[in-house]
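Here's the structure we're looking at; comments come further down.
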Amino acid sequence: MVHQVLVDVTERIIERSAAERGAYLERMAQARSAGPARAHLSCSGQAHAYAGAGPDQEKLAIGSAGHLGIVTSYNDMLSAHQPFERYPELIRQAARAAGGTAQVAGGVPAMCDGVTQGAAGMELSLFSRDVIAMAAGVALSHNTFDAAVFLGVCDKIVPGLVIAAQVFGHLPTVFLPAGPMTSGLANDEKAKVRQQFAAGECGRPELMAAEMAAYHGPGTCTFYGTANTNQMLMEFMGLHLPGSSFVTPNTPLRDALTEEGARRALSLSALGNHYTPVCDVLDEKAFVNGIVGLMATGGSTNLLIHLIAMARAGGIVLDWQDFSEVSAVVPLVARVYPNGLADVNHFHAAGGLGYSIATLLEEGLLHPDTQTVAGQGLAHYTQEPKIKDGALVWEDGAGHSLNDKILRPASDPFQPTGGLSRLTGSLGTAVMKVSAVAPEHRQVEAPVRVFHDQDEVKAAFKAGELTGDVIVVVRFQGPKANGMPELHSLTPILSILQGKGQKVALVTDGRMSGASGKVPAAIHVCPEALDGGPIAYLRDGDLVRVDAVNGDLEILTDGVLDSVPAQADLSGNHYGVGRELFATFRAAVGSADAGASVFGG
């Protein structure tokens, strides 16, 4: 029986979304009623579409077989997406063997927040999600496909692809991951070297050696940041094949899952036997299951923005209160770095997503009856894929955690509530990733030091100015101000201050990233400073309370909001590394609590 709070939250989402969801589903019904689209193209149009299809050209011209569109985020500059270079040919061969065809419909950009961290390029990162959605829309606009497979992994790529999949929701869609790189230098060792470098205790050669030992091959970064949180969500929400998220690249099992994903997508088309459009998979229950997975595994704070935007594309209206109420009843069952010492490979070996889903189902903390691309409800996602006698099969998992320091049953969790907390008060609304924050650090009352740039924070740290208990405020970092960059490069210095025994917190209208760690960080503050939010009124020395236990974000100094709000010269954020191309985005973007999207809502 499903937990009553999940039932109540789901029913509230359904009621809140009724008008938008109804209109969306009506549009999808009209699109599906038209049938396979390429039959309606002119002969010239079809010839253009099939001219480069080689051995598949004749079959496409006849038009009787299922045709699969591949939307890929391949590039070989990013380790997470490099494995996709091989995928199109694997997919084509699998489609042919199943009697169908496949073509690369188009590519989407994929940028790395790790590469741009602390640099100007980070100001394009959040906006890239909506660019990816539009690029995928262009890819599918040729209207020649019966189903689609989406190749994406990292921070903005999967959310952008999901938004596009929702817009083309009458098509069946399977998401195919690349998997994590094999384990390298332990994440805690890497973090230690970063702190030593920030404190001037080691040089850049030592830092570079540690980073290269951590990020050493193809696949996603192995910590539990936004990229791997995306992969978790695709399983919890039924868009991956069961157990496929954390299988390492370029292995027989990875290839078998990719090929099966192509076959499955074709079988879900209107020409197959199990027509399942993605609009039927991504319903209100699926999104609640995604929120449960986010809380239970201590996932990335970025998904508090992305899930809202992803849902809106399908006419489903989520808000942060939904996340807060789910977090209050969903226990933390996983500890994966930065919430623990293990990486995602260790997590996967301990039972991974299959066991996580199983134990949450047992406690009534997931909707079991959602539609999935696997076609057997969520219970199928408790099984593990294996290759036996040359064939891909799914078998029951161990039924228990194989390492209770990494993964625990929902009946005996690491903590009784989820990994994220919503904060509200006179300073606005914010969120905090608490799963990695020790209980004694979750409540901070201290005077603020106010900055308009993360480089200013670093300069103050180097000058020895951040003494005593302090709440570092970094404002004018919201989506309208400069694209809401992640401020993860502040983590090492804030960790050093906390390690000295100071009470430390961060408050910002920017983002902190999926790697948010041991320092309490109230992020995504709304309204943002550029909109005249309360954060714009703070001055050095004002007393603030950041309390993740009681959910408070309060200005304690009297009269602060009676003053004049600060202004900032943002002209330097408008040019360089492509920022001038995104002026329209900065002008049109919505608030973080509405998904920080340029698509409205």
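Bear in mind these aren't lab numbers, they're just calculated from the coordinates by the rules spelled out. Keep in mind it's a predicted model, so treat the numbers as computed, not measured. So basically every Cβ, Gly included, is an ideal-geometry build from the backbone, and we count neighbours across all protein chains shown.
With an 8 Å cut-off on Cα pairs and a minimum separation of 6 or more residues, tell me the relative contact order of segment 253-365 in percent.
Values: 65 pairs, mean separation 21.7, N = 113.
For segment 253-365, the relative contact order is 19 percent.
Separation of segment 557-592 and segment 255-317 by C-alpha centroid, Å?
Spelled out, the Cα-based centre of one part sits 33 Å from the other.
Tell me, what HN-Hα J-couplings in whole Hz come from the Karplus equation 6.51 cos²θ - 1.76 cosθ + 1.60 at θ = phi - 60° for each residue of segment 120-134, using x for Gly and Pro?
Result, rounded to whole Hz: 5, x, 4, 6, 9, 4, 4, 5, 4, 4, 6, 4, 4, 4, 5.
Taking the Cα centre of the chain as the origin, how large is its charge dipole in debye, to the nearest 20, when only Lys and Arg (+1) and Asp and Glu (-1) carry charge on their Cβ atoms?
Working: 42 positive and 61 negative charges, 199 e Å.
Computed about the Cα centre, the dipole is about 960 debye.
So for the chain, taking the charge dipole from beta-carbon charges (+1 Lys/Arg, -1 Asp/Glu), which of LEU490, GLY419, GLY551 sits furthest toward the positive end?
LEU490
List the relative contact order of segment 479-601 as a percent without decimals, with contacts defined as Cα pairs under 8 Å and 6+ residues apart.
Relative contact order here is 24 percent.
Given R₀ = 60 Å, FRET efficiency for ALA270-ASP558 by Cβ-Cβ distance, to 0.05?
0.40
Got a sec? How would GLU211, GLU235 order by Cβ neighbour count within 10 Å, fewest to most?
Ranked by crowding around the Cβ, least crowded first: GLU211, GLU235.
List, in order, the whole-Hz ³J(HN,Hα) value for each residue of segment 455-469 obtained from phi through the Karplus relation with A = 6.51, B = -1.76, C = 1.60 and θ = phi - 60°; use x for Gly and Pro.
5, 5, 5, 4, 5, 5, 5, 5, 7, x, 8, 8, 10, x, 5
Multiply the residue separation of LEU207 and MET77 by 0.36 nm, subtract the distance between their alpha-carbon atoms, and state the gained length in nm to one decimal.
In short, 44.7 nm is gained.
Would you grab the residues whose amide H sits under 5 Å from the one on VAL544? Only those 5+ places off in sequence or on another chain, please, with H modelled 1.01 Å from N.
Residues meeting the criterion, in which the H sits 1.01 Å from N, are ALA446, VAL448, LEU556.
Measuring from label point to label point, each 7 Å out along Cα→Cβ, what is the ASP455 to GLU85 span in nm?
About 3.5 nm, to one decimal.
Counting each DSSP H run of 4 or more residues in the chain as -39500 (n - 2.57), what helix-only mean residue ellipticity at 222 nm follows after dividing by all residues, to the nearest 500 deg cm²/dmol? Please list the in-between numbers first.
Working: 21 runs with 219 residues, N = 601.
Here the helix-only value at 222 nm equals -11000 deg cm²/dmol.
What are the residues whose amide H is under 5 Å from the amide H of ASP469, where those residues sit 5 or more places off or on another chain and H is modelled from the backbone?
Here the answer is LYS503, since their amide H atoms fall under 5 Å of that of ASP469.
Order of 61-68, 530-537, 201-208 by packing, highest average Cβ count within 10 Å first?
Ranking the peptides 61-68, 530-537, 201-208 by packing returns 530-537, 61-68, 201-208.
How charged is the neighbourhood of LEU124? Take every other residue with its Cβ under 14 Å from the Cβ of LEU124, and add Lys/Arg as +1 and Asp/Glu as -1.
-1
What whole number of Å gives the distance from the Cα centroid of segment 529-547 to the Cα centroid of segment 352-369?
Distance between centres, Cα-based: 40 Å.
Starting at the first residue of segment 367-372, write each ³J(HN,Hα) from the Karplus equation 6.51 cos²θ - 1.76 cosθ + 1.60 with θ = phi - 60°, in whole Hz, x for Gly and Pro.
Here the 3J(HN,Hα) series is 6, x, 9, 6, 6, 9 Hz.
Cβ neighbours within 10 Å, averaged per peptide: list 288-299, 353-364 in order, most packed at the top.
Result, highest mean first: 288-299, 353-364.
Could you size up the charge dipole of segment 548-601 around its Cα centre, putting +1 on the beta carbon of Lys and Arg and -1 on that of Asp and Glu, and report it in debye to the nearest 20?
420
Can you tell me the length gained on complete extension of the stretch ASN143 to HIS48, counting 0.36 nm per residue apart and subtracting the Cα distance?
Between ASN143 and HIS48, full extension yields 32.9 nm more.
Could you tell me which label, among (i) 67.7; (ii) 43.1; (iii) 26.1, carries the value of mean projected area of the Cα convex hull in nm² calculated for this structure?
Label (iii) holds the value from this structure.
Given a Förster distance of 51 Å, report the FRET efficiency between GLU445 and SER33 from their Cβ-Cβ distance, rounded to the nearest 0.05.
0.30
What is the sum of charges around MET432, taking Lys and Arg as +1, Asp and Glu as -1, for the other residues whose C-beta is under 10 Å from the C-beta of MET432? Mind dumping the intermediate values first?
Working: positive: ARG422, LYS433, ARG442; negative: ASP547.
Charge balance near MET432 sits at +2.
From Cα pairs below 8 angstrom and at least 6 apart in sequence, can you work out the relative contact order of the chain, rounded to a whole percent?
Working: 1341 pairs, mean separation 88.5, N = 601.
Result for the chain is 15 percent.
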